[in-house]
Amino acid sequence: MNQFFTQKEALQKLEHFCAYQERCHAEVVTKLYSLKMSPDEIDTIVVQLIENNFLNETRFACSFARGKHRIKSWGRIRITNELKARQISSTNITLALKEIAEEYETTFDQLAEKAWNSILEKNTLKKRKKFCDYMLRRGYESHLVYDKVTTLEKES
């Protein structure tokens, strides 16, 4: 595709891109490079997107954290790592994690119960390992996971 865009066309395209779904700065810059825009044009367009409130890193981080926690049941560690990979500032990551604070424990407990009951392993050590690996992969803190596995083991 050898199509070249004027700065105005690229801005309109990116406004639509950002309006459709929350985006982080890195995604927008990558998209602009794919449209073969120069670094100066990219800077100008990003500034315009921020000024017109199409691009807002705090809003992106909060939306991302809420979505991944509610839909995929991710824990704080996984959300933090994913946001860092998208070059989100630590201030915005902290704000994003506050978004999920209220429901965090409930989601964790529900996911843990479901995971524990779905593991059919008879050997207790293997079952513990499978459970812990699963919960840690989901991004939950190790002290929470190990406390929960002990509780679940006593109950069963």
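Hey, any hits in the stretch 11-19 for a residue that's within 16 Å of the chain's Cα centre (by Cα) and without any contact (Cβ under 8 Å) to a residue 24 or more places away in the chain? No, the conditions are met nowhere in the stretch 11-19.
For the stretch 97-127, which residues satisfy the criterion of being of a type in the set (A, V, I, L, M, F, W, C), under 17 Å from VAL149 (Cβ atoms) and surrounded by 10 or more Cβ atoms within 10 Å (Cβ to Cβ)? Residues satisfying the conditions are PHE108, LEU111, ALA112, ALA115, TRP116, ILE119.
For the stretch 82-134, a tally of residues being within 24 Å of ASN56 (Cβ to Cβ) and either in a helix (DSSP H, G or I) or of a type in the set (A, V, I, L, M, F, W, C) (or both) returns 20. When you scan the stretch 59-68, do you find a residue that is more than 11 Å from the chain's Cα centre (by Cα), surrounded by 13 or more Cβ atoms within 10 Å (Cβ to Cβ) and assigned to a helix (DSSP H, G or I), even just one? Taking every residue of the stretch 59-68 in turn, at least one turns out to be more than 11 Å from the chain's Cα centre (by Cα), surrounded by 13 or more Cβ atoms within 10 Å (Cβ to Cβ) and assigned to a helix (DSSP H, G or I). Can you confirm whether LYS154 is more than 23 Å from HIS69 (Cβ to Cβ), within 27 Å of the chain's Cα centre (by Cα) and in a helix (DSSP H, G or I)? Spelling it out, it is not the case that LYS154 is more than 23 Å from HIS69 (Cβ to Cβ), within 27 Å of the chain's Cα centre (by Cα) and in a helix (DSSP H, G or I).
Residues of the stretch 23-39 that are surrounded by fewer than 17 Cβ atoms within 10 Å (Cβ to Cβ), more than 23 Å from ASN92 (Cα to Cα) and not small (Gly, Ala, Ser): TYR33, LYS36, PRO39.
No other residue among GLU22, GLU105, GLU27, GLU99 is closer than 30 Å to ARG128 by Cβ and of a type in the set (Asp, Glu) apart from GLU105. The residues of the stretch 138-150 that are without any contact (Cβ under 8 Å) to a residue 12 or more places away in the chain and within 24 Å of ARG70 (Cβ to Cβ), listed by number, are SER142, HIS143, ASP147. With respect to (1) of a type outside the set (A, V, I, L, M, F, W, C); (2) assigned to a helix (DSSP H, G or I); (3) farther than 19 Å from PHE60 by Cα, the lone exception for LYS36 is condition (2). With respect to the stated conditions, CYS62 fails to be of a type outside the set (Gly, Ala, Ser), touching a Lys or Arg at 6+ places or on another chain (Cβ under 6 Å) and under 27 Å from ILE93 (Cα atoms).
Can you say whether LEU49 is modelled with pLDDT under 95 and either charged (D, E, K, R) or buried (at least 16 other Cβ atoms within 10 Å of the Cβ) (or both), as far as the supplied structure shows? The answer is no for LEU49.
The values are calculated or read from the model by the stated rules, or taken from the named source; none is laboratory data. Since we're looking at a predicted model, the values are computed, not measured. Neighbour counts run over all protein chains shown; Cβ positions are idealised from the backbone, glycine included.
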